[in-house]
Structure formats: structure tokens, C-alpha cells
Amino acid sequence: MSEPRDSHHLERLHTFDLELGATEAVQRHVSRHVVEPKPVSQRKLDFEHSRPRWLREMMAEATGVFFYVYPGIASTAAFTLNNFEPAFGSFLQIGFAYAIGIAFAIITCGPTSGGHFNPAITLCFAFWQGFPWRKVPYYIFAQVFGAFIAGLLLMGQYHEQISAFTAASIAAGKGTVYNGGPASILCTFPGVNQNNQGYLFLNEFFVDSFIGIVIWATLDPANPFISPSTAPFVIGLAYANMIWGFAGISISTNLARDLGTRIVAAIWFGREAFTYKNYSWISILVNVLATFFATAYYEMLMRDSLKKIAKGNAVHKDGEEGLALHLTKTGYVENGATSVTRNGK
């Protein structure tokens, strides 16, 4: 009898409940002997087995979002609080901070939870790939919580500088909630001349659709251009690419990243963090719509499931008989049980 698929993931042996996400791009474990490992005690195994699986997954999602948001808003703070001086940063630096943070998040936390780090991605995995719907609420809560903690920690570390910047901004009659102001260190606000919500909606929609298609293509096991070691950096660079191009005209890119830090902004700077120019619904919700559009675009127009089956990453729902019937209907000829060739083309 053949070994169950994914049985080499020991932590999944008793559930056969594969976490869908960036883990799909990192299926093979590589043995590395940096130092000789000491024997694993039964006490350690018992402790690890006693931890609830849902808690491990929530902590991984929260930690991953923290790893992604924390360096990004820290770079934004350094750039903003030093009057946008090039010596203290630029959009290039901020883009790289998010990109590398996302890569570290996937590498560190992806093997435990699947590495979603975005409520829109979690919802799309549930809709398209069979990720359990019962897990969706606590994944999303953990993601928002991770961004919230990143925002709180940043406010503590930059407390003196942000306080001085806030006082100067108020004294200048600018307030605290505006693009380039104290609150914008944490979350996105439209520029002073950006008053057309349709324009802001389309900006966010197209940017998030671009990122969504890249993520979905990167996680496609039939994609020959992606290796397990490059997937985290490709996904990170997709975000950075859009930050470099469009951060100057207000983009959010992630519900959890924006909502978690926007709550922190509201705690420090008041409810205007949610009401300023009626923009927050765009920064929070459009990412979900755009990511569904992006994944539908890929699934309906670009996905080749037969390649997934051929590479051993999927099976036909009706087994070998269903696959054979499909090959017959589509003009493939099966020779014996092992080889498949295109008939006449």
C-alpha cells in the first residue's frame, strides 16, 4: 500500500489536515547538520503533543503578520520622523522592509500554519482549495492581532519621537491624522488632494489584484519557475514592487496589516483614524474583493490542473478511472497504464 500523501509531515499524521498556503511551495524538507542534535526527550514530545493545534496555528499566523508589519512600519517611522531625509530611508527601503519581512514570516511561520498572513488569502484558500472554513475566523483574528501588536510595540519604541512630531504637527495646525502625519506611520491615509473614492478604490483594487495573481501563481505546484527556496522572496517582492510604484498614491494591500495598526492609530490619535475622508473601508475591505478577483482570474483562465496531477501534487476526484475518462474525452491516448501522449497534436 502506498504511503498517504503528506505523511512525511509528522505533525500532520494524526489529522491529515494539510495547512494550505505558502507551505504548498515548501513540500520537501532538507536535512541540514549544522550541529549534532541532541536526543529528543519524551517530556518534550509530550509537551509539544499537548499543545492545541489551533493555538499553534494562531500563534504562527500572528507571529508571521508581526514579522511582516513590524519592519515595514519601523522603516516608515524612521523615514517620516526624520522629515523624509534620504539618509533615513525612502520608498525603496520601505518596500524592501516589507518584502524581507514577508519572506522571514513565511520561512519562520509557514510550516506551522501554511503562511497565509492575509485574511483575503485565507478566504481564497477556503473557497478554492478546501481550507477548512471552521479555521477561517481564528486565522483572521490572529492575523489582525499580529499587526495590532506590531503597532503597539512600534509606538512604545518611538514614543519620544512620535510625541514630539505630534506636538509639532498640532502646533502647525495640521492635526495628527493625514497623509504624512503621525497616524500615517501606522496605517494608510489618502493625500490632501485625493478626494475621489472611486479613484482610491481602483488604485487599491488593481494593486491588490496584481499581488494576488503573483501569490496564486507562486503557490501553484505546477509552476516550473518557482523553487521552495525562492517562493518566500517572490511573494515578498510582489508586495515591494507595488509599494515602489504606488505607495505615493495611498495603498494598503492587506486587511490585517491595515486594520490591526489602524486600531492602534485610533487608540493614540482618536476615531478620525477610521473616519478621515471615509477612506478606511477601502483600505480594509477592497483587498478581499481584489484577491478574490485575482484568484478567480488565475483559476479560470490560467490554472492547468492536469499538470498538478502529472507532478503528483493532486489526484483526480474520481481516481484513476476519472482521469482515464478525462484523457479519453480530451484526445489523449493512454498506452497501458503508464504513458500518456497527445493524440494527433
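The values are calculated or read from the model by the stated rules, or taken from the named source; none is laboratory data. For clarity, every value in this text was computed on a predicted model and none was experimentally measured. Note that we place each Cβ from the backbone using ideal geometry, even for glycine, and neighbour counts take in every protein chain shown.
Just checking, does the stretch 306-313 include any residue being in the same structural domain as residue 214 (by TED's automatic domain parsing) and of a type in the set (D, E, K, R)? Within the stretch 306-313 (the criterion being in the same structural domain as residue 214 (by TED's automatic domain parsing) and of a type in the set (D, E, K, R)), the answer is no, since none of the residues qualifies. For residue 314, the stated conditions do not hold, so it cannot be described as small (Gly, Ala, Ser), within 30 Å of residue 202 (Cβ to Cβ) and surrounded by 15 or more Cβ atoms within 10 Å (Cβ to Cβ). Residues that are modelled with pLDDT of 95 or more, over 15 Å from the mean Cα position of the chain (by Cα) and of a type in the set (S, T, N, Q): does the stretch 215-233 have at least one? No, the conditions are met nowhere in the stretch 215-233.
Okay, residues lined up against (1) part of a helix (DSSP H, G or I); (2) out of contact with any Asp or Glu (no Cβ under 7 Å at 6 or more places or on another chain); (3) at pLDDT below 90:
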position	(1), (2), (3)
3	no, yes, yes
8	no, yes, yes
11	yes, yes, yes
35	no, yes, yes
43	yes, yes, no
59	yes, yes, no
63	yes, yes, no
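The set of residues in the stretch 166-201 being surrounded by fewer than 16 Cβ atoms within 10 Å (Cβ to Cβ) and under 15 Å from residue 275 (Cβ atoms) consists of 195, 197. Residues considered: 50, 75, 41. Of these, the only one that is closer than 22 Å to residue 162 by Cβ and not β-branched (Val, Ile, Thr) is 75. Being more than 19 Å from residue 229 (Cβ to Cβ), hydrophobic (A, V, I, L, M, F, W, C) and part of a helix (DSSP H, G or I) holds for only one residue in 126, 105, and it is 126. All of 261, 253, 291, 295 fail the test of being crowded, with 24+ Cβ neighbours inside 10 Å and on the phi > 0 side of the Ramachandran plot, apart from 253. Among the residues of the stretch 13-24, is any out of contact with any Ser or Thr (no Cβ under 8 Å at 6 or more places or on another chain), surrounded by fewer than 11 Cβ atoms within 10 Å (Cβ to Cβ) and at pLDDT 70 or above? No; the residues of the stretch 13-24 include none that is out of contact with any Ser or Thr (no Cβ under 8 Å at 6 or more places or on another chain), surrounded by fewer than 11 Cβ atoms within 10 Å (Cβ to Cβ) and at pLDDT 70 or above. For the residues 261, 328, 275, 295, the requirement of being over 24 Å from residue 183 (Cβ atoms), in the same structural domain as residue 149 (by TED's automatic domain parsing) and among the hydroxyl-bearing types (Ser, Thr, Tyr) singles out 295.
On the basis of being within 27 Å of residue 61 (Cα to Cα) and either surrounded by 21 or more Cβ atoms within 10 Å (Cβ to Cβ) or out of contact with any Cys (no Cβ under 9 Å at 6 or more places or on another chain) (or both), does residue 147 make the cut? When the stated conditions are applied, residue 147 passes them.
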